[in-house]
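These notes concern the structure reproduced below.
Just so it is clear, none of the values below were taken in a lab; they were calculated from the coordinates. Please read all numbers here as calculations on a predicted model, not as lab measurements. Glycine also receives a Cβ, built like all others from the backbone with ideal geometry; neighbour counts cover every protein chain displayed.
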Amino acid sequence: MAETTSNAESNDVALRASIDRSLRHPVMFFFTSGAVWLALAIVLGLVASAKKHSPEFLSCFSWLDAGKVDGAHMSALIYGWGAQAAFGIIIWLMARLSRKECTNAGTILTVGHLWNLFVFIGLICILSGNGSGIAYMEFPGFIWPLLIVCYLAITIWSLVQFQVRDAGHVYVSQWYLLAGLLWFPWIAVTAFLFVFVFDGHPVMATAIASWFKGSLFLLFFLPTALASAYYLAPKVTGRPVYSYNLALFGFWALAFLGPWAGMQKLVGAPIPQFLPYMGAAAMVLILIPAISVGLNILKTVHGHGDIVAESPSLRFTSSGIVLFVAYGVLSFVLHTVPAMKMTQFSYSGYGLDILGFYGVFSLCAFGAIYFIVPRITRREWLSRRFISWHYFLSLYGVASIVICAVVGGVTQGQGIEDVAQPFATMAERASQYGWGVTIAWAFLLFANLFFCLHLLLMWARLGRRSSHPTLLKGHHTENPHGPEGEIDNIGSASA
């Protein structure tokens with residue numbers, strides 16, 4: 001009996017190792033090129049933030065005008081870093097959970113290069129003044145069909161792997177992965193057609209673009225982050241997900257509320273008034289799935305504080321989930337009717353966007369990357385100190401941006417509402433918070449230079465060979481079986 005168990009474990013380890021080898025090149029390409037785009041996006045974010053309170057900054061370069069650099073900043077952050085980090089996480093997680101090797105790594109890698117080329121061309125178009133000027137859809141119209149085709153060519157294999165998997169339980173992580181995989185082409189194709197193709201009313205095109213902006217985070221990036229969290233929390237701690245029913249409730253709550261969000265910024269615009277208020281209601285109620293997921297993940301890791309403190313992957317992931325709860329609370333506060341009157345045209349929306357995209361998605365993505373990379377490279381991370389600096393500077397930077405942007409936005413809104421106050425006085429008060437955002441982006445740049453360098457060194461396979469995962473403290477292992485020996489079927493809710 002013991003010999004049979006030992007053989008089964010050996011076969012299981014060999015299968016996971018073969019899956020990791022089959023995905024090594026495309027996953028490392030997505031993570032590394034994404035990290036380079038992230039560093040560029042942060043540089044552009046720093047410049048864009050500086051120009052909000054110091055318009056003369058770099059005014060000698062026409063291609064760095066405030067509108068251009070702001071659009072380039074968000075586009076590089078979303079499609080350069082975010083999309084590629086999501087691709088790497090999705091294809092690796094789906095292969096592991098479906099227990100199937102990837103037989104199309106060459107195709108994925110080739111299309112990954114095309115994705116980077118099209119994003120680069122789109123960024124050049126934005127900076128040269130040929131962008132669309134539509135938030136989150138700044139790339140010119142001809143870029144979008146190319147990106148959608150690339151997306152389909154990259155992700156279709158994950159759907160195939162799920163379809164041909166051995167029959168069995170569908171894990172919580174797979175729910176979110178499948179949902180995100182199917183939701184993205186829906187929202188992207190819909191937005192492209194109504195914004196760039198159909199000759200409709202410009203106001204409704206603006207409404208659709210606003211819907212796309214809200215749905216892109218809630219229906220693609222957030223499901224990817226939560227899939228990663230539901231995989232890593234039980235995997236690293238060695239215990240099942242706290243509540244399967246709570247996981248089910250949180251998933252369907254997000255699926256119901258997510259498609260309604262986005263148009264809340266258009267309150268008062270000449271569109272059907274129920275649309276903005278439905279968007280605001282959805283953003284208020286997003287607190288429900290945030291609390292459900294936060295409670296489930298944090299209860300799963302409860303009692304394992306030493307592992308959370310020592311494991312880079314779990315530390316980043318747990319922080320991302322805590323910030324998801326904070327995102328739900330802040331979304332609730334900012335989208336009540338009295339609050340929207342003061343924040344609709346202010347800097348507060350930017351703070352909420354960064355909290356969601358960088359605080360929730362990116363921190364969970366960092367956690368997944370710190371877990372995945374040693375397994376596909378068969379090398380250990382070189383420096384625990386680099387990881388620690390990356391964590392603390394990232395947390396400090398994103399918290400500073402959110403606090404300064406939200407408080408500064410409320411100050412802006414109060415000044416706009418107070419007609420007795422001179423506009424210059426309001427602008428001067430808000431610019432003080434703008435300085436805080438700029439300094440915070442500098443901290444994030446410093447943090448991600450460490451991350452980018454570390455990842456490039458791992459891609460060059462300069463990390464030491466090791467039998468255990470990286471820990472921030474001590475030298476004992478998370479699991480006595482080593483990096484390839486964790487049990488894949490932990491409990492009923494996650495692999």
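Candidate cross-link partners of LYS51 among the lysines, defined by an alpha-carbon separation under 26 Å and a same-chain spacing of 8 or more, comprise LYS68, LYS213, LYS265, LYS341. The magnitude of the dipole of the chain, with charges of +1 and -1 set on the Cβ of Lys/Arg and Asp/Glu and taken from the Cα centre, is near 680 debye.
When both region 167-228 and region 47-70 are represented by their alpha-carbon centers, they are found 31 Å apart. Within a straight-line Cα-Cα reach of under 17 Å, LYS299 can be paired with the following lysines, leaving aside sequence neighbours fewer than 8 residues apart in one chain: LYS235. Placing unit charges on the Cβ atoms of the charged side chains and taking the dipole of the chain about its Cα centre, the candidate lying farthest along the positive direction among LEU219, SER400, ALA460 is ALA460. Between helix 312-334 and the chain, what is the angle of the helix's C-alpha long axis to the longest principal axis, kept within 0 to 90° and rounded to the nearest 10? Tilt of helix 312-334: around 30 degrees. Quick check on region 19-459: take the gyration tensor over C-alpha atoms, sort the square-rooted eigenvalues as a ≥ b ≥ c, and tell me if it's rounded (a/c under 1.5), prolate or oblate. Rounded, since a/c falls under 1.5. Each principal axis of the Cα cloud of region 1-106 was evaluated for its coordinate range; sorted largest first, these ranges are 75, 27, 16 Å.
Just from its helices, what would the mean residue ellipticity at 222 nm be for the chain, if runs of 4 or more DSSP H residues each count -39500 (n - 2.57) and the sum is divided by every residue, rounded to the nearest 500 deg cm²/dmol?
Roughly -24000 deg cm²/dmol at 222 nm, from the helical runs in the chain.
Cβ crowding within 10 Å ranks TRP381, TRP186 as TRP186, TRP381, fewest other Cβ atoms first.
Cβ crowding within 10 Å, taken as a proxy for footprinting-reagent exposure, orders GLU56, GLU101, GLU380, GLU138 from fewest neighbours to most as GLU56, GLU101, GLU380, GLU138.
Here the calculated FRET efficiency for PHE392 and SER18, from their Cβ-Cβ distance with R0 = 30 Å, stands at 0.25, rounded to the nearest 0.05.
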